[in-house]
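The values are calculated or read from the model by the stated rules, or taken from the named source; none is laboratory data. Just so it is clear, the model here is predicted, and its values are computed rather than measured. Cβ placement follows ideal geometry from the backbone for every residue including glycine, while neighbour counts extend to all protein chains displayed. Note: areas computed on protein heavy atoms with side chains; ligands, DNA, RNA excluded. Shrake-Rupley method; radii C 1.70, N 1.55, O 1.52, S 1.80 Å.
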Amino acid sequence: DAQTDERTKSLSKYLGKFGFHSLASIPLHLQGNTIGVLNLVSGDVGFFKAEEEISLLEEMGLDISFALEKIEHEKIKSRWADAFEHCAHGIAIGLPTGLLITCNTAFARQQGRTVEEISSMSILDMYEPSAHEYVGQRIAEADDTGHAQYEANIIRKDGSIYSVQTDLVSVRD
């Protein structure tokens, strides 16, 4: 009886006010920390006794915790996406093959292209032909070591040429 159990002493006055006698407390977790408790109450003494019910309540707590983790993960992804999109520096994401998947608007603007035009383009197609082997070697270096830095000339869509310093970072998985 939650109204007389020492473990629920701080709640007994509140529970008694509404006629509740049984209490099930389900911890909610986020990133390995308990961040709250879902409390279920009943007017019946001993309502939360059956092992199957207790197991289902524990599973419900795990499901809610999983949902909270997913929400937090989506918030973090959204923050990174905002940082990527609004960065003043040109950023592109590509595959080890040199195929570009996407870029931010600053990168597209530097190229004199749209994000859509750059998506599915080979990074080598942006450089002067004389730089293709060099840039290909830097891409391979980044794949091996995780990072490469180089300078080479890029050809904009309008044909103008400019020098660019590139920091290439390989991100796995």
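Highest GNM mean-square fluctuation, the chain, Cα pairs closer than 10 Å: which of Gly16, Gly146, Gly98?
Ranking Gly16, Gly146, Gly98 by mean-square fluctuation puts Gly16 first.
Counting each DSSP H run of 4 or more residues in the chain as -39500 (n - 2.57), what helix-only mean residue ellipticity at 222 nm follows after dividing by all residues, to the nearest 500 deg cm²/dmol? Display every interim value, and only then the final one.
Working: 5 runs with 70 residues, N = 173.
Result for the chain, helices only: -13000 deg cm²/dmol.
For the stretch 136-167, list residues with backbone N below 20 Å from a point placed 7 Å from the Cα of Thr97 toward its Cβ?
The answer is 136-144.
Mind checking the full-extension length gain between Leu62 and Gln165? Use 0.36 nm per residue of separation minus the Cα-Cα distance, one decimal, nm.
On the way: separation 103, 0.36 × 103 = 37.08 nm, distance 4.80 nm.
Length gained, Leu62 through Gln165: 32.3 nm.
Sorted by average packing, counted as other Cβ atoms within 10 angstrom per residue and highest first, what order do 85-95, 45-55 take? Mind dumping the intermediate values first?
On the way: 85-95: 13.5, 45-55: 11.5.
Sorting 85-95, 45-55 by mean packing, highest first, produces 85-95, 45-55.
Is there a quick way to get the dipole size of the stretch 1-68? I mean about its Cα centre, with the Cβ of Lys and Arg at +1 and of Asp and Glu at -1; what is the value in debye to the nearest 20?
Working: 5 positive and 10 negative charges, 96 e Å.
Dipole magnitude for the stretch 1-68 comes out near 460 debye.
For the chain, what is the charge dipole size about the Cα centre, in debye to the nearest 20, if Lys and Arg each add +1 at the Cβ and Asp and Glu each add -1 at the Cβ?
Working: 15 positive and 27 negative charges, 139 e Å.
For the chain, the charge dipole is close to 660 debye.
Between the helical axis of 132-145 and the dominant principal axis of the chain, each derived from Cα atoms, what acute angle in degrees is found, rounded to the nearest 10?
30
Quick check on the chain: take the gyration tensor over C-alpha atoms, sort the square-rooted eigenvalues as a ≥ b ≥ c, and tell me if it's rounded (a/c under 1.5), prolate or oblate. Spell out each step's value before the answer.
Details: a/c = 5.00, a/b = 3.90, b/c = 1.28.
Cα axes put the chain in the prolate bin.
Could you give the accessible area per residue of the stretch 22-173, probe 1.4 Å, as a whole number in Å²? Could you put the intermediate results ahead of the total?
Values: 9910 Å² over 152 residues.
For the stretch 22-173, the per-residue accessible area is 65 Å².
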